[in-house]
1. Among the residues of segment 33-45, write down those that are in contact with a Phe, Trp or Tyr (Cβ under 6 Å, 6 or more places away or on another chain) and open to solvent by 60 Å² or more (accessible area, probe 1.4 Å).
2. So residue 118 clears everything in (1) aliphatic (A, V, I, L, M); (2) part of a loop (DSSP other than H, G, I, E, B); (3) in contact with a helix residue (DSSP H, G or I) (Cβ under 9 Å, 6 or more places away or on another chain) except one condition, right? Which one?
3. Which one of 25, 62 is modelled with pLDDT of 95 or more, of a type in the set (Ser, Thr, Tyr), open to solvent by 30 Å² or more (accessible area, probe 1.4 Å) and closer than 15 Å to residue 86 by Cα?
4. Among the candidates 12, 63, 50, which residue alone is under 14 Å from the mean Cα position of the chain (by Cα), in a strand (DSSP E or B) and either in contact (Cβ under 8 Å) with a residue 24 or more places away in the chain or over 18 Å from residue 115 (Cα atoms) (or both)?
5. Considering every residue within segment 32-40, establish whether at least one is over 17 Å from the mean Cα position of the chain (by Cα) and over 18 Å from residue 51 (Cα atoms).
Amino acid sequence: QVQLVESGGGLVQAGGSLSLSCAASGIFICSYAMAWFRQAPGKEREFVGVTGWSTDTYYADSVKGRFTLSRDNGKNTVYLQMNSLKPEDTAVYYCALGSRARRTGLYDYDYWGQGTQVTVSS
């Protein structure tokens, strides 16, 4: 059974940083694309970034230059380092696993975590 478990969310002031983790079990992530999405209250879930099995990365324009994805295949974990956080980054952050690289749509991903809340105060 594939499981993705996010951790590391919390409350931070604007301009601060947070690091999220997504630990996978039941599957080896080394052959899959791993993405982060987020969903703010009252809004649709949106793409944040993705790292492919060759460790290339692709980001949404809204986070480019502030967020960094990385993966440790040995630990079966993907990370999202978030710097220069803004109140508009407040959302539940989800990690997702898919089989095709550089995909930004929800339906491109087969497995999802439960999410972790990130709140950025102004």
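1. 45 - this is the single residue of segment 33-45 that is in contact with a Phe, Trp or Tyr (Cβ under 6 Å, 6 or more places away or on another chain) and open to solvent by 60 Å² or more (accessible area, probe 1.4 Å).
2. Failed condition: (2).
3. On the way: 25 fails: closer than 15 Å to residue 86 by Cα.
That would be 62, the only listed residue that is modelled with pLDDT of 95 or more, of a type in the set (Ser, Thr, Tyr), open to solvent by 30 Å² or more (accessible area, probe 1.4 Å) and closer than 15 Å to residue 86 by Cα.
4. Exactly one of 12, 63, 50 is under 14 Å from the mean Cα position of the chain (by Cα), in a strand (DSSP E or B) and either in contact (Cβ under 8 Å) with a residue 24 or more places away in the chain or over 18 Å from residue 115 (Cα atoms) (or both), namely 50.
5. Quick first cut of segment 32-40, residues over 17 Å from the mean Cα position of the chain (by Cα) only: none.
Checked segment 32-40: no residue is over 17 Å from the mean Cα position of the chain (by Cα) and over 18 Å from residue 51 (Cα atoms).
The values are calculated or read from the model by the stated rules, or taken from the named source; none is laboratory data. From a predicted model like this one, the values you see are computed outputs, not experimental measurements. Positions of Cβ are generated from backbone atoms using ideal geometry, with glycine treated the same way; all protein chains shown enter the neighbour counts. Heads up: the accessible areas ignore ligands, DNA and RNA and are worked out on the full protein's heavy atoms, side chains in. Shrake-Rupley method; radii C 1.70, N 1.55, O 1.52, S 1.80 Å.
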